[in-house]
Amino acid sequence: MLFRCMCAELIKLKRSFIWIVFLVLPILSTLMGCFNYLQNIDILTDGWYALWTQATLFYSNFFFPPLIALYCAYLWRLENFNHNRNALMTSPIPISVLYSAQFLAVSVVVLLTQLYVGVLYVISGLAIGMQGLPPAEIFYWLLRGSLGGLSIAALQLFLSSFIRSFAVPIAIALLAGVGGLAVVSTDYRMFYPYSLMLAGMNSNRSEDLLAGQMPVFYLSCAVFLMLFFALGIGYLKKADVRA
């Protein structure tokens, strides 16, 4: 049942405009990162690591959180039209299954986004003359960022479940992502989902920001996932009762 519901959620996304944004924003951030790298190539001498610092400077801080919010808001935007939300709430399928299917669908798109960003990073590096392939460590950072991104997805899906506006959750994600930039360099980065993602991506850094802190990172991601997942299901169950 869960798999069929997830497929139904993915079908909703199939012909949507989000794929245009999915394609364009990572390309834009990659081009900006490459331009910044080439403009400062005399001081950015650490090869693939230096390019990573510039590519993630724009993508992780300004593009990735709003992208995640867009995916979540779009799914709920469909439910808010033509009384679809009421049909959802009165469906014989348990709310927990429906909500889980939404989250899994968003997770698939988030992971595809990260894969796409990784491919663009490699292609752009080779295009500007990088030697060899990126260090394997960078792809590990990309995976960690994906895990942090899923924590953001859990939060944004919860916000979109009760904020009927399409734009507001996306604006929140943009501002929160900028806030994450301020928090990620402090000791509180593990307590804020948006800085958690930045730390996982090792955004704008060539040395591993999470060295020696991986157990805490994984624990924080798990806590945020479970917390916002539970809040989302709990809210919808109460909304179902009010309906």
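A few remarks follow.
- One residue stands out in segment 128-147 among those that are without any contact (Cβ under 8 Å) to a residue 60 or more places away in the chain and part of a helix (DSSP H, G or I): the one that is farthest from residue 24 (Cα to Cα), namely 136.
- Residues located in segment 89-115, provided they are at pLDDT 90 or above and either over 21 Å from residue 156 (Cα atoms) or among the β-branched types (Val, Ile, Thr) (or both): 106, 108, 109, 110, 113
- Residue in segment 80-88 that is surrounded by 16 or more Cβ atoms within 10 Å (Cβ to Cβ), at pLDDT 85 or above and part of a helix (DSSP H, G or I) present: no
- Matching entry among 170, 93 (being over 25 Å from residue 35 (Cα atoms), outside any helix (DSSP H, G or I) and either in contact with a strand residue (DSSP E or B) (Cβ under 6 Å, 6 or more places away or on another chain) or not charged (D, E, K, R) (or both)): 93
- Residue count for segment 189-212, restricted to those that are surrounded by fewer than 15 Cβ atoms within 10 Å (Cβ to Cβ) and touching a residue at least 12 places away in the same chain (Cβ under 8 Å): 1
- Yes/no for residue 220 being outside any loop (DSSP other than H, G, I, E, B) and of a type outside the set (A, V, I, L, M): yes
The values are calculated or read from the model by the stated rules, or taken from the named source; none is laboratory data. Computed from a predicted model, the values in this text were never measured in an experiment. Neighbour counts are summed over all protein chains in view; Cβ atoms, including those assigned to glycine, are modelled from backbone coordinates with ideal geometry.
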